[in-house]
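Chemist: Shown below is the structure under consideration.
The values are calculated or read from the model by the stated rules, or taken from the named source; none is laboratory data. Computed from a predicted model, the values in this text were never measured in an experiment. Glycine also receives a Cβ, built like all others from the backbone with ideal geometry; neighbour counts cover every protein chain displayed. Areas reflect the complete protein model, heavy atoms only, side chains present, ligands, DNA and RNA absent. Shrake-Rupley method; radii C 1.70, N 1.55, O 1.52, S 1.80 Å.
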Protein chains: 2
Amino acid sequence: MTPTEHPYPPDRRRLPPEERRRQIVEGAVTFFADVGLDGNTRDLAKRLGVTQSLLFNYFASKSDLLEAVYEHVYLNRLSDDWPAFLTDSRQPIRDRVLTFYESYSKLIFQYEWMRIFMFSGLAGAALNRRYLDHLGRVILAPLLAQMQNTATGPDVPQMEDLWNLHGGIVYIGIRQHIYQVPCPDDPTEAITRAVDRFLAAFNMG
Amino acid sequence: MTPTEHPYPPDRRRLPPEERRRQIVEGAVTFFADVGLDGNTRDLAKRLGVTQSLLFNYFASKSDLLEAVYEHVYLNRLSDDWPAFLTDSRQPIRDRVLTFYESYSKLIFQYEWMRIFMFSGLAGAALNRRYLDHLGRVILAPLLAQMQNTATGPDVPQMEDLWNLHGGIVYIGIRQHIYQVPCPDDPTEAITRAVDRFLAAFNMG
DNA sequence: CGAATAGTTGATCGTAAGATCAATAAGGTT
DNA sequence: AACCTTATTGATCTTACGATCAACTATTCG
């Protein structure tokens, strides 16, 4: 082999800007999820295999880069048709809730999502408040209305009860990715049991 | 008044070491809970109204100071007689669980406790894993054994169910102190309802 | 009151981190 | 193969931060 053709290209330099930018953002997501939002740009550059100064060719400042990281992580955000699905009375409410949390847990029980959400929450970012507000209005509130129609027991669910259901489920992801303690590989069973307990309590089984 | 006697002492300097140390640690607890574990010592000193160099007279390094912060926050740790209380069959299990979570939520639903626990969890501190392991062994496992004896329904609680109950409750504190979104001033009712749902699901009501 | 003790300060050192910019060289074009 | 464009680099500036230490002064004791 000639010295100019590398079978394992040691470092493909000079990428098209779009691609390089994507590579930086994706690397930054994992990096900041690992070390926190004040990880330094030199370590990030080292991990990416580029120079630190290159980062500032694609982002005017570190906080610009962090903006791109947020955007990238929360782009796969809640689909807009969950409200319609959750209030579709043709399906049993149990199926609707289980389908939602099965999908939702797949979405957020990820190292990057969980940790960056927690880091930015602690940093006081408005993002988190907006997100939770949105979740409450778009998911939990419609679900609550449905449940209050469905409930046949003496008691009827309150909004705070739904936050409790939600929190109990999300806590699985917190144990897994924040505290990194042993927890089920697949959260499906735990989620199913939690939902079933909840529905049973209000005679919605 | 003479210039030497200040009616509002502008800055009481030269405290006895013990007292100064306590003052520093207490200030550091709030400070690091606010800004995170890599808040800088100059800002901390400013908040305390002392010089930055003074901090290093009481702690050899910043991480030494953080050790003292951890210790101070987690000193009011779980009492050792919860296991005995939780397994005392003379009281209804509902009362035992409610009493525990009433007390426990008072203990941990505090700005400093919640945030420093989350910060150190994200930093990968062994402290959190040890704490959760301890909680599981000393509180949840005995409780689980009790419940498995008490349950009369077709289904019997699993360890993961207890983590779900626990997580749903802890999530109230997370909403309050990490994300800082609206949530009940007094968590008692939400906790009571969550516990009652849980017990009802296993016919332990 | 004066001296001794020691809590506290201000100046400073070394390094780490964000940011800048002229110089370099990779990849396409002719 | 020579040339041009521009992605990438290496050196560097400035500021911020942890840590050190001699000097200062509040307080105590004789």
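Residues checked against (1) over 25 Å from A:ASP88 (Cβ atoms); (2) at pLDDT below 95:
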| position | (1), (2) |
| --- | --- |
| A:ILE116 | yes, no |
| A:SER120 | yes, no |
| A:LEU127 | yes, yes |
| A:LEU132 | no, no |
| A:GLN146 | no, no |
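Chemist: Of everything in the stretch A:136-173, what is within 14 Å of chain B (Cβ to nearest Cβ) and outside any helix (DSSP H, G or I)? Give them in sequence order.
Modeler: Residues satisfying the conditions are A:ALA151, A:GLY153, A:PRO154, A:ASP155, A:VAL156, A:PRO157, A:GLN158.
Chemist: Please state which one of A:ASP88, A:ASP34, A:ASP64, A:ASP81 is near DNA strand C (Cβ under 10 Å from one of its atoms) and charged (D, E, K, R). First the steps, then the outcome.
Modeler: Values: A:ASP88 fails: near DNA strand C (Cβ under 10 Å from one of its atoms); A:ASP34 fails: near DNA strand C (Cβ under 10 Å from one of its atoms); A:ASP81 fails: near DNA strand C (Cβ under 10 Å from one of its atoms).
The match here is A:ASP64.
Chemist: For B:ARG193, only one of the following conditions fails: (1) at the interface with another protein chain (Cβ under 7 Å from one of its Cβ atoms); (2) surrounded by 22 or more Cβ atoms within 10 Å (Cβ to Cβ). What is its number?
Modeler: B:ARG193 satisfies all of (1) at the interface with another protein chain (Cβ under 7 Å from one of its Cβ atoms); (2) surrounded by 22 or more Cβ atoms within 10 Å (Cβ to Cβ) except (2).
Chemist: Which residue pairs have Cβ atoms under 9 Å apart, sit 6 or more places apart or on different chains, and have a first residue in the stretch A:28-56 that is on the phi > 0 side of the Ramachandran plot and a second that is within 14 Å of DNA strand D (Cβ to nearest atom) and modelled with pLDDT under 95?
Modeler: From residues that are on the phi > 0 side of the Ramachandran plot, the pairs are A:GLY49/A:ASP11.
Chemist: Considering only residues of the stretch A:48-68 that are closer than 10 Å to A:ALA28 by Cα and more than 13 Å from DNA strand D (Cβ to nearest atom), which is farthest from the other protein chains (Cβ to nearest Cβ)?
Modeler: Across the stretch A:48-68, the extreme among qualifying residues is A:ALA68.
Chemist: Go through the stretch A:173-205 and give me each residue that's in contact with an Asp or Glu (Cβ under 9 Å, 6 or more places away or on another chain) and among the aromatic types (Phe, Trp, Tyr).
Modeler: Passing the criteria: A:PHE198, A:PHE202.
Chemist: Sticking with this one: Kindly indicate whether any position in the stretch B:116-129 is within 10 Å of chain A (Cβ to nearest Cβ), among the basic types (Lys, Arg) and open to solvent by 40 Å² or more (accessible area, probe 1.4 Å).
Modeler: Yes, the conditions are met somewhere in the stretch B:116-129.
Chemist: Scan B:ARG42, B:ARG47, B:ARG94, B:ARG22 and give me the residue that is closer than 30 Å to B:ILE191 by Cβ and of a type in the set (Lys, Arg).
Modeler: B:ARG94
Chemist: Tell me the residue from A:ASP161, A:ASP133 that is out of contact with any helix residue (DSSP H, G or I) (no Cβ under 7 Å at 6 or more places or on another chain) and at negative phi, please.
Modeler: A:ASP133
Chemist: Residue check: is A:ASP161 among the charged types (D, E, K, R) and open to solvent by 40 Å² or more (accessible area, probe 1.4 Å)?
Modeler: No: the conditions fail for A:ASP161.
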